[in-house]
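Have a look at the structure below, then the notes.
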Amino acid sequence: MARRLSFFVVVVLVALMRAGGTAQEPDARTVLQAALKAMGGENLRSITYSGNEGYVAAVGQNYNPANDWPAPLITTYTRTIDYEARSSREEYGLTTERPAQYGPVGGGNSPVITTPIIGEQRRNWFVRDAAAWNVDGTNVVPQPAVAELRQLDIWLTPHGCLKAALMPGANPIAIERTEQNKGRITAVSFLALGKYRVQCAMNSKNLVERVQTYLPNPVVGDLYHEFVYGDYKDFNGVMFPTDFHAHHDLDDDLEGQGVNVSGGHNSFGLTVSSVQVNVANAAPAIPEAARTATVPQVVVQAQKIGNGLFYMGGGTHASVAVEFRDHITVFDAPLNEARSLAVIREIKRVIPNKPIKYVVSSHHHWDHLGGLRAYVASENVTVVVQQNNLPYYAEVLWIRPWTLQPDRLALFPPEEVSEGYTFETVGQKHVLSDGTRTMEIYNVQGLQHAQGMLIAYLPQEKMVLEADLFTPPAANAPMPALVTASHRTFVNNVQRLGLDVQTIVPIHGGRTFPWAEFAKFVASGKPAPGN
């Protein structure tokens, strides 16, 4: 918590000092110009840097909340930034096939990778001004929802933060302070893109060592984001770090205070091997599809899959509404508040005049957790979680600050959340029943994907509700090429529990799927490497 507080406390204190006329703090613009000169950035228009040693973590996807983010290795990495065109092209390959000297995935903190990469996964990510897109082979995939954050990322680079702090409207302020293990540093705080408070810290040689900010996040609220730069070298008159290290979220140890802060922290590492300065044709042309793309509206499609059972699809993630005699239980609340509010409206349309009483949260991964707070704020639900993950859920629902983009729960917290009445926990089995319908909730054993994964079984309908264990192919498409560890674990647990399953109701995939067809695939399919 100390790091979180220090950043904002510094900003407030500096503002108070300036308001009181204190003349001891350095002039921010002088500091920034001196750093640009020392780093060879005064005439730097564009830059390309490359490396083939490092990692890119899957933020929000740790095995359990105490683990670090799982981190596939970089095979190749190249990034080109054009500061004048406000553009970035980031191209890299990832693999989870790790040489023995690197130890377990996740920098030694995470025992397993949650989503193995078969071979190499290529990523080509672009941004220019307000347009963002990916390139998959020859296909342009617009990414309007992340355009602002990709644009911000340009200004969190070593030279980028100096240039951004000197832009109109940045209003930089500076102080000197002693930083732990760093000695005296000069820190400049400024506004990037008119809304993100960024701190850029320089050492005694006027080299940027640390850039920090906070980003709005649908799970943890104010998400800490930090780059640490080191081992500077001279590349044709430009000083550039050859050691990159980034953090997403905080690594504070508050367990002794009864708080289980997420272990996820290390998000990116790169050893830079080559740098090119003022490269020609650095800015990519904006494809027309990306130029005109807008963030799509949330679409919820309710499909009746049984008596009082509705599959709430229409996107990459679904939820399942189960009608009981006097209430509704929802299985999974993925993505974000906007998605959940739309799902809630549709549930109330297809099952009118009944309250949503329970949400069964399948697991703690952020894409499946991001919509949970909306149910607590709007419906005051009881959240059913696996007992080992309870401290993290309690933190997500109550302890975190939400100042950047407050959601409903931050603005209108119900009393039950602060007093801890929000949860029911599952050890190995938990039953919800009203005498007419029964939902059996089980903890999946032996799963490598996530600790505390829950599935729900409806014995009358012989349906199993699951997330991330199996994603059905599109209708008339072939089954997956490989049988994964999650597939086998799913079958093993259904057999272990003696469940008579006829139908799989998945959170991903957009449709239900016959159990018999899935079981046949697992029994006869080709195993993925390592399975």
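Consider Ala293 carefully, then state whether it is buried (at least 17 other Cβ atoms within 10 Å of the Cβ), touching a residue at least 24 places away in the same chain (Cβ under 8 Å), part of a loop (DSSP other than H, G, I, E, B) and not assigned by TED's automatic domain parsing to the domain that holds Lys357.
Here the answer is yes, as Ala293 does meet what is asked.
Could you list all residues from segment 485-531 that are among the small types (Gly, Ala, Ser), surrounded by fewer than 17 Cβ atoms within 10 Å (Cβ to Cβ) and within 27 Å of the chain's Cα centre (by Cα)?
Matches in segment 485-531: Gly530 only.
Any residue in segment 503-526 that is assigned by TED's automatic domain parsing to the domain that holds Val320 sitting within a Cβ distance under 6 Å of a residue that is of a type in the set (Lys, Arg)? List the pairs, counting only those 6 or more apart or interchain.
none
Quick one: in segment 41-78, of everything that is among the charged types (D, E, K, R) and surrounded by fewer than 21 Cβ atoms within 10 Å (Cβ to Cβ), which residue is farthest from Val219 (Cα to Cα)?
Residue satisfying both the conditions and the ranking: Glu42.
What pairs can you find where one residue is in segment 351-363 and in contact (Cβ under 8 Å) with a residue 24 or more places away in the chain, the other is in a loop (DSSP other than H, G, I, E, B) and surrounded by fewer than 19 Cβ atoms within 10 Å (Cβ to Cβ), and their Cβ atoms are less than 6 Å apart, with a gap of 6+ or different chains?
Lys354/His327; Pro355/His327; Lys357/His327
I need a count of the residues in segment 164-182 that are within 23 Å of Ala132 (Cα to Cα) and surrounded by fewer than 19 Cβ atoms within 10 Å (Cβ to Cβ).
1
Using beta carbons and a limit of 9 Å, which pairs, at least six apart or on different chains, have the first residue in segment 407-431 and touching a residue at least 60 places away in the same chain (Cβ under 8 Å) and the second one surrounded by 15 or more Cβ atoms within 10 Å (Cβ to Cβ) and in a loop (DSSP other than H, G, I, E, B)?
Asp407/Pro218; Asp407/Asn336; Ala410/Arg400; Ala410/Pro401; Ala410/Trp402
Is it fair to say Ala283 is crowded, with 17+ Cβ neighbours inside 10 Å, within 23 Å of Glu42 (Cα to Cα), at pLDDT 95 or above and of a type in the set (A, V, I, L, M)?
yes
Quick one: which of Gly221, Gly269, Gly194, Gly263 is on the phi > 0 side of the Ramachandran plot and crowded, with 17+ Cβ neighbours inside 10 Å?
After applying the criteria, what remains is Gly221.
If you take the residues of segment 380-414 that are of a type in the set (D, E, K, R) and at pLDDT below 95, which of them is nearest to Gln451 (Cα to Cα)?
Residues of segment 380-414 that are of a type in the set (D, E, K, R), as a first pass: 395, 400, 407-408.
Right, trim to at pLDDT below 95 and you get 395, 400.
On the way: Glu395: 17, Arg400: 22 Å.
Out of the qualifying residues, it is Glu395.
Look at Arg86 and say whether it is modelled with pLDDT of 95 or more, buried (at least 22 other Cβ atoms within 10 Å of the Cβ) and more than 21 Å from the chain's Cα centre (by Cα).
For Arg86, the condition - modelled with pLDDT of 95 or more, buried (at least 22 other Cβ atoms within 10 Å of the Cβ) and more than 21 Å from the chain's Cα centre (by Cα) - is not met.
For segment 494-531, how many residues meet the condition of being in contact with a strand residue (DSSP E or B) (Cβ under 8 Å, 6 or more places away or on another chain) and among the polar types (S, T, N, Q)?
4
When you scan segment 146-166, how many residues do you find that are in contact (Cβ under 8 Å) with a residue 60 or more places away in the chain and farther than 24 Å from Ala71 by Cα?
Here is the first cut: in segment 146-166, the residues in contact (Cβ under 8 Å) with a residue 60 or more places away in the chain are 149-154, 156-160, 162-163, 165-166.
Now narrow it down to the ones that are farther than 24 Å from Ala71 by Cα: 159-160, 162-163, 165-166.
The total comes to 6.
Hey, does segment 441-464 have a residue that's among the acidic types (Asp, Glu), outside the structural domain of Asp68 (by TED's automatic domain parsing), without any contact (Cβ under 8 Å) to a residue 60 or more places away in the chain and surrounded by fewer than 22 Cβ atoms within 10 Å (Cβ to Cβ)? Before you say what the answer is, go through the steps one by one.
Narrowing segment 441-464 to residues among the acidic types (Asp, Glu): 461.
Now drop any that are not outside the structural domain of Asp68 (by TED's automatic domain parsing), which leaves 461.
Restricting the remaining residues to those that are without any contact (Cβ under 8 Å) to a residue 60 or more places away in the chain gives none.
Checked segment 441-464: no residue is among the acidic types (Asp, Glu), outside the structural domain of Asp68 (by TED's automatic domain parsing), without any contact (Cβ under 8 Å) to a residue 60 or more places away in the chain and surrounded by fewer than 22 Cβ atoms within 10 Å (Cβ to Cβ).
What about Leu372, is it more than 27 Å from Leu390 (Cβ to Cβ), in contact with a strand residue (DSSP E or B) (Cβ under 7 Å, 6 or more places away or on another chain) and buried (at least 22 other Cβ atoms within 10 Å of the Cβ)?
For Leu372, the condition - more than 27 Å from Leu390 (Cβ to Cβ), in contact with a strand residue (DSSP E or B) (Cβ under 7 Å, 6 or more places away or on another chain) and buried (at least 22 other Cβ atoms within 10 Å of the Cβ) - is not met.
The values are calculated or read from the model by the stated rules, or taken from the named source; none is laboratory data. Given the structure is predicted, the values throughout are model-derived calculations rather than measurements. Cβ atoms come from the backbone with ideal geometry, glycine included; neighbour counts cover every protein chain shown.
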